[in-house]
Each structure stands twice: as structure tokens, then as C-alpha cells.
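Written below as C-alpha cells is the structure these notes are about.
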Amino acid sequence: MRILLITPPLTQLNTPYPATAYLKGLFLSQGHEVRQVDLGIEVADRVLSQPFLESIGLKREAKLIEPVKRFLRGQDDTLAPRIANRSLLPEGKRFGQLDEDNLEWSFGVSGTTDKAQHLATLFIEDIADHIREHIDPHFDLVRYAEYLSNDAPTFDPLYAELQHAPSPIDRLMIDILEEKLSSFCSPADNHQYPIDRVCITIPFPGCLYGALRCGQWLKAHTPAKVELGGGFPNTEWRQLDEPRLFEFCDKVVIDGHPEAIDHCPDFSDLPLDKYLSLAEMTNPMHRLWSQGRWNKMVMAQGCYWHRCAFCDTTLPYIGDYHAPKATDVVDRMERIVGQTGRTGFHFVDEALPPKLLREVGEEILRRGLAVSFWGNIRFEKAYTDELCNLLSEAGMVAVSGGLEVASDRLLRLMDKGVTIQQTVNACRHLRQAGIMVHTYLMYGFPTETLQETVDALETVRRMFDEGIVQSAFWHRYAMTCHSPSGQHPERYGTRRIGAMHPFCNNEVDWEPVDGGPQFNYDIDAVGAALRLATYNYMNGLGLEQPVRSWFPIRVPKPRI
């Protein structure tokens, strides 16, 4: 069987999303002929080109785009001084938002590569803004027509858009898809595409429109069976009741191909030299995520804890935990290094299991490998001084993990399985071992009081002040229909409101059991204050200020 695997626009531009690489490894083991295409990087490369930019009137940018791409690919670092001293690139709206003092504080003296990457990224974003405003309203560097797919209760707006003629970016995408299909052809095929099956992964809402445009064209021009799968369908389409979707595909795959995780991903036919290392933000974890050609890989399937109340633990991709042998993990790492020539790994696990992580670290050291890796963990007591030092020696450079609500009462309520003190100890041990720490934080969990939110910010302030976290991000709690808090809301003093939808179903509305408002204070103002304070903490600012000073509303003093 001839199979084509597609990642539609757009996920991220610095490295391939791993879904198709895992599927390719599985299908090759079954004897199929398999190829894969990342239409995100292919479309971005075609859009960010001299011919296309000249065709839309960006003549100054067109002359510079190829050198800038070479720089962002790590192929010409000598451009860094000229970009960093701001003598080379035309500066649009994005540059008008720059704070020069903060720029110098973040990146050091003129001429540094990091500063040049940030400025080159602003140049690319200015181009993307122009395309979105004047050429194609769907276009963005990390998503495509996301507004049509995000929390969409019905298919109507997206379906209506798909009845229109393809946009200029759509046409570029289809041209590239045709070129990739032609690689299957031989003279005997008489220009008919001899493809049996096309699998399109849809990891995020910002990939759905591109996936359906591809499916629309494939069903009109090829005999292939078109299948849609990935993270978005697995969370949003479990209650799907929309027959029109099958005008664009033949099958929606839910919880399909779990055995793919047991095979080594195969990145060998992806255009690894085209990926761009962007530096949009100064947040160190976001920069790690978007800069560099990290090999994305899964260490263990699912989450070994799978109990947190806010998480979609009822879904197999989280709830069905399976860990391979450490030797198998490191074997795959060595094979991937051979495919890509890159020794950095981003493990995309829900939560790296400490026991397996230790064994992998020991195996890396036993083999004498020089690799770097990072991923998501749970801040638990297993992260002792000894383990963190071992992991650092093996190549761990960073971790992210959920501190969440920074309240022991709420951590117990959500069944997080850790305490604040355990989290602080784990972060301290990781930092002492030289491993960067990013923490995810949550506000607005059911029954959370304003006092607990202020206490949480004080905990975060102290952790930044001690230097045991370098990066953090707050997000507002969202109840989902696949989480314990969504399936059993009464346990959290809430009830779900609203009906299920025919198209997308994930986040659900809720209210306290008494039917009153969710909060008796301005939750949006609180969220803005939390983000502002933490942004300043990441830049070493405001750590001496009382946490109450960040809030535009009256809040109590912290109790800790």
C-alpha cells in the first residue's frame, strides 16, 4: 500500500511535529511504501521567498528574505551583527513595540546571536502581518484560520469558508501537495496519482482548515482514502454528529495506531534544512520551544499519574500509560541522531516518569552519548539532589511542570499528588543541578478564593526571588468534558451548563451548584495582574514589591 502522511499548516517552524514520523515508522514495519510531508514548513518556505514577496509588493523584504532565512536556519551566523545593530532590516509595526532598554537587558550588547534572532523574527512577523491584512486573513506563522476551528460548536462557518475559492495561500499549499504526490508517480502511471491512503494529522485547531482544504482536493483528484486523526479529533470529535465533514475525508480515526509509539519515529524524508529558529518572546521556556532543531520524541505513552482533576485523563492518550525499556528509548535516540544529525531531544510526554528517566539517564551515560534533552515532569519527591545531578550529567537542560494553584488545599482537591513543599524542593534540586525550570500555573479553579490566588502569587514571587524557577506562565482553568472535574462536577462544587454540540466538544461551561456567579471578584483583572507580575519576575523586576501592588482591585495580604 502507498501511504502519504501529512502535517497541515501550521504547527511550529523550528522543528517537525512528530506524529507523521511515528506513523511512518509503524507503517514501514508493516511493509508499506510511506512518505510524509510537513506542509507547514513547506508553505512557510514558499511564502517567505523572494518570488512570492515580490508578487505581493514587498520588494524591500524580498531582497532580504533569503539571507534572513539562512541566518534563522543557522547557516550564516555572520549576519548577526548587522541584524542586531538594526542596520539591515526594514522595521514595521512589530519593531514599534520594542522596549530598547528591555531588549538590551534581555539580550546583552549589540551583536549577539540571540538578539539578532529576536529582531529577525520580528521581520518575519511583520511580513506575516502584511499577508494576513492584505492577502489572506487565514495566515499566521503558527496557525491557519484558527478562529474558524477554536471551540466551534457547529461546522457552519468552517464549511461555508471551504465552499469559497481557495485563497492564495491555499493554492500554494495545494501546489506543494501536488508536487509531493507526483513523487509517487512513474511514467506508467499516466499522470494518475497512484496513492492508496492519505493520513492527515490535526494536532491543533490551527491545523484543521488546512487539513480540510487538503482533503477536499484529494477527494476530487485522487483515488486515495483520506483519514483524519491526531490530538484535535481525539479531544474535540468524540461526540461528532456532522455528516458534511465526510465531504472532506473518508474516515475520522479516534484513538488509532497506539502501537506507533512502540516504533522509532522516522524523520528521514522531511526537509530538515528548511526549519527556522524563531525567537518571538524573551520567556526562556518559550524560546527553548521555538528555537533550535529539537528532535521531538515520546519517552513513554500516556501519563503515569493520570489523576489530575483538570486534565483529560479519561482519554486513552493520557490514561493508557505504557513505558518501554530504557535501552529501547536510547536506541531510538541514537537512530534519530543518525537520521537528523541533531543531538537535542524534546520529549513530548504528558509527564516524564522519574523511574524511567533515571534509567534512560544511566543508559546515556553508560554509552557515553553527548545529547541534550528536556520535557515535562511532575514536581514530586522523586527529584532528589542525586537524581537531578545524574540527569544533568546525562544531558537534561530544562524541565516544565505544573505548580498549578500553589495551594495545598486545592492541590488535594484536584488530586495533583504533590504538595507545595515537594514542588519547591524539586525545583531547588533541579536548579542546583543546572537545569532550567519552567512552571505552569492555574487560576480560577472551582472554589479557589481570592486569598488563595494572592497566596499563590506570593509563592511564585519567592521561588523567582530564590532563583529556583526561571520561567512561568499562568492560564485560566477551563473545564473539559473529558476531565474528572467535567465528568463529576459535583465533587468540585459545580455543575455543567449547556448542551453538547454537533461539531466540537471539549471545553464546557459551568457554574457553582447554587447557580451563582463563578467568582465574586473580577477574574479577568486578577488574571492580567498574575501575568504582569510574573512577566516582571522573569525579567528580575518587582521582586521586592508587595504582591498586592500588581492587582488593580482590592485584594488581601498574602498569608504565607
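The values are calculated or read from the model by the stated rules, or taken from the named source; none is laboratory data. Predicted, not measured: the structure shown is a model, and the values here were computed from it. When we count neighbours, we look across all protein chains shown, and the Cβ atoms used for this are built from the backbone with ideal geometry, even at glycine.
Details
- Among the numbered conditions (1) within 20 Å of the chain's Cα centre (by Cα); (2) not in a loop (DSSP other than H, G, I, E, B), the only one that residue 387 does not meet is (1).
- Any hit, the range 301-308, residues being in contact with a strand residue (DSSP E or B) (Cβ under 6 Å, 6 or more places away or on another chain) and modelled with pLDDT under 95: yes
- Filter result (touching a strand residue (DSSP E or B) at 6+ places or on another chain (Cβ under 8 Å), surrounded by fewer than 22 Cβ atoms within 10 Å (Cβ to Cβ) and more than 21 Å from residue 146 (Cβ to Cβ)) within the range 226-245: 227
- When 343, 327 are checked against the criterion of being within 21 Å of residue 21 (Cβ to Cβ), of a type in the set (Ser, Thr, Tyr) and over 24 Å from the mean Cα position of the chain (by Cα), a single residue qualifies: 327.
- Restricting attention to the range 82-112 and to residues that are β-branched (Val, Ile, Thr) and assigned to a loop (DSSP other than H, G, I, E, B), the residue that is modelled with the highest pLDDT turns out to be 112.
- Given (1) buried (at least 19 other Cβ atoms within 10 Å of the Cβ); (2) modelled with pLDDT under 95; (3) within 28 Å of the chain's Cα centre (by Cα), index of the condition residue 79 fails: (3)
- Selection status of residue 22, outside any loop (DSSP other than H, G, I, E, B), in contact (Cβ under 8 Å) with a residue 12 or more places away in the chain and among the hydroxyl-bearing types (Ser, Thr, Tyr): yes
- Every residue from the range 151-167 that is exposed (fewer than 15 other Cβ atoms within 10 Å of the Cβ) and either closer than 17 Å to residue 44 by Cβ or among the charged types (D, E, K, R) (or both): 151, 156
- Residue ranges of helices (runs of 4 or more DSSP H) in the range 134-241 with at least 3 members farther than 23 Å from residue 480 by Cβ: 156-162, 168-182, 208-221
- Among the conditions (1) outside any loop (DSSP other than H, G, I, E, B); (2) surrounded by 14 or more Cβ atoms within 10 Å (Cβ to Cβ), residue 524 misses just one, which is (2).
Let's see how each residue does on (1) loosely packed, with under 13 Cβ neighbours inside 10 Å; (2) touching a residue at least 40 places away in the same chain (Cβ under 8 Å):
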{"position": "485", "(1), (2)": "no, yes"}
{"position": "503", "(1), (2)": "no, yes"}
{"position": "517", "(1), (2)": "yes, no"}
{"position": "530", "(1), (2)": "no, yes"}
{"position": "536", "(1), (2)": "no, no"}
{"position": "558", "(1), (2)": "no, yes"}
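- Condition check for residue 453: surrounded by fewer than 21 Cβ atoms within 10 Å (Cβ to Cβ), of a type in the set (Ser, Thr, Tyr) and touching a Ser or Thr at 6+ places or on another chain (Cβ under 9 Å): no
- Looking only at residues of the range 243-268 that are at pLDDT 90 or above and among the acidic types (Asp, Glu), we find that the one that is nearest to residue 70 (Cα to Cα) is 266.
Residues are listed down the side, and each one gets a yes or a no for (1) under 18 Å from the mean Cα position of the chain (by Cα); (2) under 30 Å from residue 119 (Cα atoms):
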position	(1), (2)
176	no, yes
183	no, no
196	no, no
204	yes, yes
215	no, no
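- Across the range 380-391, not a single residue is classified as surrounded by fewer than 21 Cβ atoms within 10 Å (Cβ to Cβ), within 24 Å of residue 463 (Cβ to Cβ) and among the aromatic types (Phe, Trp, Tyr).
- When the range 283-316 is filtered for residues that are within 16 Å of the chain's Cα centre (by Cα) and in a helix (DSSP H, G or I), the ones remaining, listed by number, are 284, 285, 286, 287, 288, 289, 290.
- Hits in the range 1-46 (condition: among the acidic types (Asp, Glu) and under 18 Å from residue 271 (Cβ atoms)): 38, 42, 45
- Set 344, 292, 401, 375: member being under 26 Å from residue 230 (Cα atoms), crowded, with 16+ Cβ neighbours inside 10 Å and at pLDDT below 95: 292
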